[in-house]
Amino acid sequence: MLRIVVDLNRCESYAQCVFAAPSVFWIKDGESLEYDYVPDDSLRVQVERAAAACPVQAISICWLDEQLGQQRGNHNEQ
Amino acid sequence: MSSSDTEKTASSVQRIIIVGASLAGLSAAEALRSEGFTGTITVIGDEPYAPYDRPPLSKTVLTGLLPAEHTTLPQRVDLHAEWLLGVPAIGLALENREVELADGRRFGFDRLLIATGTRARPWPDSAQAALDGVCLLRTRDDAAKLRARLAAGPKRVLVIGGGFIGSEVASVCRELDLTVTVTERSSTPLIGALGSAAGMFAGQLQCAHGVDLRCNVTITALEGDENGRLRHAYLSDGDTLDIDVAVVALGAVRNVEWLHDSGLAFDSRGIICDSTCRAFNTNGMATDNIFVAGDVARWPHPLYEGELLTVEHWGNSVEQARTAAHNMMSAPADRRAYETLPAFWSRQFGVNLKTVGLPTFADEVVLTQGSIAERRLVAAYGHKGRIVAALTVNMARWLPAYKAMIEARAPFPPVLHAPDGPAELRPVPAGFPPRGQSTHSPIATPTGPGPSISPPEESSTSAKVQDPRVPPGFQPK
Ligand SMILES: Cc1cc2nc3c(=O)[nH]c(=O)nc-3n(C[C@H](O)[C@H](O)[C@H](O)COP(=O)(O)OP(=O)(O)OC[C@H]3O[C@@H](n4cnc5c(N)ncnc54)[C@H](O)[C@@H]3O)c2cc1C
Ligand code: SF4
């Protein structure tokens with residue numbers, strides 16, 4: 001399962017992620033980034049592009065096979 | 001384990017227990033594995049869910065854009081952890097190094113991380129709190145329930161308390177075109193976190209968005225009908241409201257009770273630890289195997305004159321947990337101090353509010369860029385002639401520059417020459433309530449020097465000030 005988290009302290013609302021994955025990230029009221037923590041697995045490529053495009057590296061992704069217990073995560077921390 | 005790992009790790013550390021399976025607990029587990037810890041990690045949490053994020057609960061989940069279950073946090077490292085979820089820890093035996101669970105099981109540890117966070121402060125009258133329609137907002141379940149209530153189109157929502165969570169809930173109500181009243185005992189919303197100068201601006205935003213904002217007012221009683229459904233709220237100004245939903249947003253209570261008789265130094269303000277996150281025992285000694293992180297911690301921050309802080313911020317839970325994890329597996333000489341600046345964001349009434357530093361430490365505030373009329377601005381907070389915090393409203397990109405000034409202990413008012421700044425900087429009093437006076441949601445609070453362990457609300461007068469029903473102007477004798 002695909003999961004993401006954005007460090008909104010770090011985020012400076014550049015919206016590059018919104019362009020890369022518009023159904024996962026959106027900007028509310030001009031400057032507040034909102035997003036889905038659990039986007040559909042089919043959006044993986046879009047989400048990876050979004051994370052790579054973020055100029056302040058605020059987006060972390062992981063790709064889990066199982067919920068709890070033996071996780072297989074893609075370590076994607078800066 | 002490679003030989004270099006063994007040198008780095010205090011080699012006796014094989015079993016780590018984390019109590020509290022939320023943001024701080026997860027961040028610590030991730031950091032332990034990223035730093036090469038190969039022993040066992042057991043995470044104990046009383047909620048039945050894998051760690052999820054709370055900030056969207058008062059934002060996207062309430063607006064209905066995000067289902068409550070879509071807040072589960074990623075686990076960014078292969079954790080190989082044992083998860084004991086849905087069962088609380090009820091005791092800690094320091095001598096045997098054991099945690100006891102409610103189901104009677106006991107687990108031994110070499111290092112323990114306490115990350116039990118906070119819970120929503122309940123309405124003080126339990127019969128009124130049990131009325132159908134009285135809501136709290138802390139957990140995923142709370143958010144799903146409140147979302148269902150809002151989606152049903154209540155005739156009026158009452159938000160009790162104008163702190164961050166109360167204000168965000170009110171903002172969502174207006175987005176959903178619901179009639180909403182906010183009652184706040186102080187003179188402005190957000191006063192505990194940002195002071196009355198910024199709070200006045202927050203109040204203007206609320207009114208401009210159609211909130212029925214009642215400051216200097218408390219709710220004295222809630223009343224239901226014969227079926228136990230919430231119907232009325234009685235206000236300290238004599239008014240009565242017809243309501244079907246009330247959101248109790250009176251700040252947080254720290255989850256420390258399970259440590260009773262443990263010998264650790266804690267009280268209702270949190271668990272006291274040093275800047276390396278080691279908990280103090282009641283003899284004032286730092287323990288070497290018990291660590292604390294997140295909303296439940298109370299520790300001395302070097303930038304703020306060593307005052308003990310409690311910080312209920314997302315970023316603090318992540319960073320403090322990472323520091324605690326590093327120190328848990330390090331030899332004493334390799335431990336590091338936690339000195340990250342507090343940082344916070346909120347979204348409400350069309351603006352992105354962000355802070356860095358500790359506004360509550362300040363005595364003055366000054367508008368440095370932008371303007372109130374445009375609803376785009378930066379304000380700097382000062383204490384004794386140096387800058388201690390900054391607030392941006394829809395100007396988040398400026399925050400890092402102010403962060404650097406705070407870290408450098410730059411003078412206040414700051415020298416900026418910003419092209420969008422006022423011709424002359426005019427500091428005004430920041431307007432924080434006096435220390436010790438209860439405000440609903442200070443969220444980052446200096447709580448005084450030294451690992452003192454006397455609970456603050458022992459006396460009956462201070463208990464009365466803590467009671468959210470007591471109207472403003474009450475004078476403790
Ligand atoms: C609605 C809402 C909105 C927020 N919005 C923002 C925001 O916009 N920006 C921001 O910076 N911060 C925000 N926060 C604050 C942020 O979510 C918290 O700072 C963060 O969750 C703290 O994490 P923690 O792990 O320290 O504590 P918690 O998240 O409180 O987690 C503690 C966990 O421990 C569990 N626990 C307690 N006692 C026991 C026990 N005895 N045994 C086992 N488990 C136990 C609890 O049930 C809980 O799951 C918000 C909080 C809420 C509630
Ligand atoms: S690209 Fe990065 S900085 Fe920009 S909005 Fe997305 S998360 Fe924020």
(request) Determine whether B:LEU62 is open to solvent by less than 30 Å² (accessible area, probe 1.4 Å), outside any loop (DSSP other than H, G, I, E, B), within 14 Å of another protein chain (Cβ to nearest Cβ) and more than 27 Å from B:ALA297 (Cα to Cα). (result) yes
(message) Here is a check on your reading of the model: is B:GLY431 over 25 Å from A:LEU8 (Cα atoms) and in contact with a Gly (Cβ under 6 Å, 6 or more places away or on another chain)?
(response) yes
(request) With a cut-off of at least 2 residues that are open to solvent by less than 20 Å² (accessible area, probe 1.4 Å), name the strands (runs of 3 or more DSSP E) lying wholly within segment B:142-234. (result) B:157-160, B:180-184, B:219-224
(request) Out of the residues in segment B:1-33 that are at pLDDT below 95 and of a type in the set (Ser, Thr, Tyr), state the one that is surrounded by the most Cβ atoms within 10 Å (Cβ to Cβ). (result) B:THR9
(request) Hey, can you tell me all the residues within segment B:178-198 that are in contact with a Gly (Cβ under 7 Å, 6 or more places away or on another chain) and not hydrophobic (A, V, I, L, M, F, W, C)? (result) B:GLU184, B:THR188, B:PRO189, B:GLY192, B:GLY195, B:SER196
(request) Of the numbered conditions (1) within 16 Å of ligand 2 (Cβ to nearest atom); (2) crowded, with 23+ Cβ neighbours inside 10 Å, B:PRO55 fails exactly one; give the number of that condition. (result) (2)
(request) Considering every residue within segment B:87-110, establish whether at least one is away from ligand 2 (no atom under 16 Å from the Cβ), among the acidic types (Asp, Glu) and assigned to a helix (DSSP H, G or I). (result) no
(message) Could you check segment A:1-20 and list, in sequence order, the residues that are out of contact with any Asp or Glu (no Cβ under 9 Å at 6 or more places or on another chain) and more than 9 Å from ligand 2 (Cβ to nearest atom)?
(response) A:ARG3, A:ASN9
(request) Output the number of residues of segment A:1-30 satisfying the condition of being assigned to a loop (DSSP other than H, G, I, E, B), open to solvent by 20 Å² or more (accessible area, probe 1.4 Å) and within 16 Å of ligand 1 (Cβ to nearest atom). (result) 6
(request) Name the residue, out of B:ALA143, B:ALA120, that is within 14 Å of chain A (Cβ to nearest Cβ) and more than 16 Å from ligand 2 (Cβ to nearest atom). (result) B:ALA143
(request) Check off (1) of a type in the set (Val, Ile, Thr); (2) at pLDDT 95 or above; (3) open to solvent by 50 Å² or more (accessible area, probe 1.4 Å) for B:THR282 and give me the number that stays unchecked. (result) (2)
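Residue-by-condition table, conditions (1) within 22 Å of B:THR445 (Cα to Cα); (2) touching a Ser or Thr at 6+ places or on another chain (Cβ under 9 Å):
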residue	(1), (2)
B:LEU176	no, yes
B:THR181	no, no
B:SER186	yes, yes
B:PRO189	yes, yes
B:VAL211	no, yes
B:GLY224	no, no
B:TYR234	no, yes
(message) Tell me yes or no: at least one residue of segment B:307-324 is open to solvent by 20 Å² or more (accessible area, probe 1.4 Å), within 16 Å of ligand 2 (Cβ to nearest atom), within 20 Å of the chain's Cα centre (by Cα) and touching a residue at least 60 places away in the same chain (Cβ under 8 Å).
(response) yes
(message) I'd like the full set of residues that are out of contact with any Lys or Arg (no Cβ under 8 Å at 6 or more places or on another chain) and either at the interface with another protein chain (Cβ under 10 Å from one of its Cβ atoms) or surrounded by fewer than 24 Cβ atoms within 10 Å (Cβ to Cβ) (or both), limited to segment B:378-405.
(response) B:GLY382, B:HIS383, B:LYS384, B:GLY385, B:ARG397, B:TRP398, B:PRO400, B:ALA401, B:LYS403, B:ALA404, B:MET405
(message) Can you tell me which of (1) within 12 Å of chain A (Cβ to nearest Cβ); (2) open to solvent by 10 Å² or more (accessible area, probe 1.4 Å) is the one B:PRO88 doesn't meet?
(response) (1)
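Which residue out of B:ARG106, B:ARG111 is more than 22 Å from the chain's Cα centre (by Cα) and crowded, with 17+ Cβ neighbours inside 10 Å?
B:ARG111
Just one of B:ALA28, B:ALA127 is more than 10 Å from chain A (Cβ to nearest Cβ), under 19 Å from the mean Cα position of the chain (by Cα) and outside any loop (DSSP other than H, G, I, E, B); which is it?
Going through B:ALA28, B:ALA127 in turn, the sole match is B:ALA28.
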(message) I need the full set of residues from segment A:1-49 which are within 11 Å of another protein chain (Cβ to nearest Cβ), aromatic (Phe, Trp, Tyr) and either free of Cβ contacts under 8 Å to residues at least 12 places away in the same chain or over 14 Å from B:ARG397 (Cβ atoms) (or both), in order please.
(response) A:TRP26, A:TYR35, A:TYR37
(message) Of everything in segment B:124-147, what is without any contact (Cβ under 8 Å) to a residue 24 or more places away in the chain and away from ligand 1 (no atom under 16 Å from the Cβ)? Give them in sequence order.
(response) B:SER126, B:ALA127
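The values are calculated or read from the model by the stated rules, or taken from the named source; none is laboratory data. All values derive from a computational prediction rather than experimental measurement. Positions of Cβ are backbone-derived with ideal geometry, glycine not excepted, and every protein chain shown enters the neighbour counts. The accessibility values were calculated without ligands, DNA or RNA, using every heavy atom of the protein model including side chains. Shrake-Rupley method; radii C 1.70, N 1.55, O 1.52, S 1.80 Å.
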